[in-house]
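Have a look at the structure below before the remarks.
Where a number appears in this text, it was derived from the coordinates with a stated rule and is not lab data. Note that this is a predicted model, so its numbers are computed, not measured. No Cβ is skipped: glycine too gets one built from the backbone with ideal geometry, and neighbour counts run over all protein chains shown.
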Ligand SMILES: C[S@@+](CC[C@H](N)C(=O)[O-])C[C@H]1O[C@@H](n2cnc3c(N)ncnc32)[C@H](O)[C@@H]1O
């Protein structure tokens with residue numbers, strides 16, 4: 001059992017803190033010796049990021065995949081995807097790295113109205129680049145420091161094998177960001193996102209699916225949603 005498994009699911013947030021300062025005390029606290037195999041701040045394979053429930057689906061989706069994570073923050077989900085899903089040839093990460101107010105969170109785990117100010121996003125950005133650099137996977141990573149809409153405009157329709165959308169801050173954002181990326185995903189590709197337990201996100205996904213007449217069964221678990229894109233669903 002790894003130090004990280006001991007921590008999950010009670011307080012995974014602690015782990016993110018520990019990763020940021022891996023002191024001997026922290027190692028001791030998690031029961032990891034110097035010769036132990038468990039904890040390294042750059043080993044994301046045994047971590048439990050927000051997109052954890054989508055990893056096996058991505059890993060089984062095919063070979064030489066090209067995908068996107070929209071909303072990267074500290075790149076914890078991003079690095080985990082790269083380390084776990086070796087079938088991903090290129091993973092694009094999209095984030096404007098600008099201060100924001102998250103208006104969603106109603107009914108879910110998040111705090112409604114969470115503010116991320118300039119210094120917090122600056123630290124998150126530094127950490128993201130640092131983790132990607134030292135994850136051992138940076139050759140397969142492409143970061144676009146842009147908004148969802150601006151980045152999506154850079155991609156051809158049906159050019160992506162999967163999209164994980166985790167960038168919306170309101171119901172309208174959910175509708176807009178899903179619209180930004182859906183046509184970019186190939187038929188048979190995986191379309192998924194996070195925070196589905198938040199009322200604003202749930203409603204945004206439902207409203208947008210109705211607008212686009214998407215009736216494919218949606219899989220929902222662990223605050224995530226996912227479905228496989230069907231023929232005829234690109235505009
Ligand atoms: C919840 S965090 C992402 C967490 C990350 N996916 C993970 O699992 O570790 C949301 C991110 O969305 C980004 N964001 C906010 N507005 C955005 C927009 N219009 N386009 C793309 N990303 C945006 C924020 O900067 C923030 O880093």
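Values computed for the structure shown
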read-out	value
Calculated FRET value between residue 153 and residue 133, using beta carbons and R₀ = 22 Å, to 0.05	0.20
Cα shape, region 117-191, gyration tensor, a/c 1.5 rule	oblate
Spacing of the two label points (7 Å from each Cα toward its C-beta) at residue 42 and residue 118, in nm	3.2
Dimensions (Å) - region 44-228, Cα atoms, principal axes, largest first	41, 39, 32
Burial order of peptide ranges 86-98, 54-66, 180-192 (average beta-carbon count within 10 Å, highest first)	180-192, 86-98, 54-66
Nitroxide proxy distance, nm - points 7 Å out along Cα→Cβ at residue 89 and residue 170	3.9
